[in-house]
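Okay, so here's the structure we're looking at.
FYI, it's all coordinate maths here, none of it is from the lab. Keep in mind that this is a model prediction, so the values were computed, not measured. Counting neighbours? That spans all protein chains shown, and the Cβs are built from the backbone with ideal geometry, glycine included.
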Amino acid sequence: MKIKAGIIGGTGYVAGELLRILILHPNVDIDFVYSRSAAGKNINVIHQDLFFEKKLKFSNSINENSDVVFLSLGHGNSSKFLNKYNFANHTKIIDLSQDFRLKNHTSSHKKTFIYGLTAINSEKIKDATNIANPGCFATAIELALLPLAKNKLLNKPIHIHGVTGSTGAGRSLSETSHFSWRNNNISVYKPFEHQHIAEIKETLQAFQPDMNNEINFIPLRGNFSRGIIITAYMDCDIDEKTLNDIYVKFYKSIPFIEISKTTIHLKQVVNTNYALIHTEKNQNKAFIVVVIDNLLKGAAGQAVENMNLMFGLDHQAGLNFKASYF
Ligand SMILES: NC(=O)c1ccc[n+]([C@@H]2O[C@H](COP(=O)([O-])OP(=O)(O)OC[C@H]3O[C@@H](n4cnc5c(N)ncnc54)[C@H](OP(=O)(O)O)[C@@H]3O)[C@@H](O)[C@H]2O)c1
C-alpha cells in the first residue's frame, strides 16, 4: 500500500518541488494539496512544470488522518497551523519552516520534533513522528563543518560566505527578487546575523560541545534562480591530506553526499539532492566549499529523505536526479 501524503502551503516554491518529487515517487499517493489562495484550481495552473498532471487540484480542506503531512509554510505559520488542526497520532509531520528546529522549540503542540539533517540523524529520524527539516544555508554550512566538529577542530573563528539563488526567498515578489533588480546584480544581506546561525551552532555543539567560536557568516543574493554555494575557512593545524581524509571518513556511505578532490561549482548539483564538498589547505587555513540545490537538499529533497527514513523505505527512493548541467 502506498503512503498517503498531504502538502500544506500548496502554491509555494518548496511545495512545487515536493509535488514534482512525490508525483513520481514509487511509494506515495498525493492525498491533498492544501492552499489558502488557490483552492479549486488545478495544481498545474500555478506549478506550470506539472502541465502533465491534469487531475490534481488545490484543496481548501485537509485530511487529519493522512500518513504524512509536509508543512511548507513561512516561519511562524507552521506553529499557527498546528494550533488549528488535530492530526491523528500516526500522522507524521515534516515541517519545512524554522518553527521547531532549535532545542527550546523541539517540544511543541504535544509533539517532539527531531532535527532532520539526514547525514547525522538518520537513526533518530527512523523512529521519529515529527521532523524539523533543516534550513537551506544551515544544511550547506553544517555539512561543511561537521567533520571538523567531530574531530574537535573548530577552535578558531570561522568565516563563511554563502550565495543563494532567488528561489531561496520564496514565491512572493519583493524589491530584491524583482528581475530588474536581481539580474546582473549581487548583494549582501543580514551579514553576521542570518537566522540560521543559531541552528548551525546547536548542530555543531552536539559534536564539539565546547565550540563557542565566532561564526562570521556573510550571506549574498546571487543573480541565478536556484542553488547555494558556501565557502568556509578557519585556522587549523592539520595537513591537507588529513583534512580530506576526515571528510571522506565522516561521509563514507552517507547517501547524497560526495567529496570531490577537484574544485566544484553550482551546476554540478542544481536539480539534484546532492551536497558536493571540496576541501583544501591553504597555508594555515582549512578551506571548505559546499554546493547544494536550495530547493532539494536544502528543502523538499531532504524532506523526502526524511519521509523515506520514517517509513522504512529506501533512503534514496524518488530522489535520483541528474543535474541539469547546460
Ligand atoms: N525556498 C527555499 O529555498 C527554502 C529552503 C529551505 C526551507 N524553506 C522553508 O520552506 C518554507 C516554504 O518556503 P517557500 O520558499 O516555498 O515559500 P513560499 O514560496 O513563500 O510559499 C509559502 C506558501 O505558504 C502559504 N502561505 C503564505 N502565507 C501564509 C500564511 N500567513 N498562513 C498560511 N499559509 C501561508 C502560501 O501558500 P497557499 O496560498 O497555497 O496556501 C505560500 O505560497 C518556508 O518556511 C521556508 O523558509 C525554503
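Some notes on this structure:
- Proxy reagent accessibility, fewest Cβ within 10 Å first, across ILE228, ILE158: ILE158, ILE228
- Surrounding net charge for SER107, when Lys and Arg each add one and Asp and Glu each subtract one, Cβ distance under 13 Å: +3
- When the alpha carbon gyration tensor of the range 1-78 is reduced to an equivalent ellipsoid, the three semi-axes, largest first, read 16, 16, 12 Å.
- Listed by Cβ neighbour count within 10 Å, with the fewest neighbours leading, VAL163, VAL45, VAL33 appear as VAL45, VAL163, VAL33.
- Computed over neighbours whose Cβ is under 13 Å from that of THR279, the net charge equals 0, Lys and Arg +1, Asp and Glu -1.
- Along the axis of the charge dipole computed for the chain (Cβ charges of +1 for Lys and Arg, -1 for Asp and Glu, origin at the Cα centre), the listed residues ASN213, ASN77, SER37 are led at the positive end by SER37.
- Legend: Rg and Dmax of the range 136-294, from Cα coordinates, 15.6, 46 Å.
- Note on the range 136-294: with charges restricted to the Cβ of Lys and Arg (+1) and Asp and Glu (-1), its dipole about the Cα centre is near 360 debye.
- Take 18-30, 169-181 and order them by the average number of nearby Cβ atoms within 10 Å per residue, most first; the result is 18-30, 169-181.
- Nearest-ten-degree value, helix 301-310 long axis tilted from longest Cα axis of the chain: 70
- Farthest positive-ward along the chain dipole, Cα basis, beta-carbon charges - from ASN121, ASN185, HIS25: HIS25
- Dipole of the range 136-294 [Lys/Arg +1, Asp/Glu -1 at C-beta], most positive-end residue of LEU173, TYR247, VAL290: LEU173
- Fraction of alpha-carbon pairs over 19 Å apart in the range 183-277 - percent: 59
- At 0.890 mPa s and 25 °C, Stokes diffusion of the chain via Kirkwood alpha-carbon radius, µm² per second: 122
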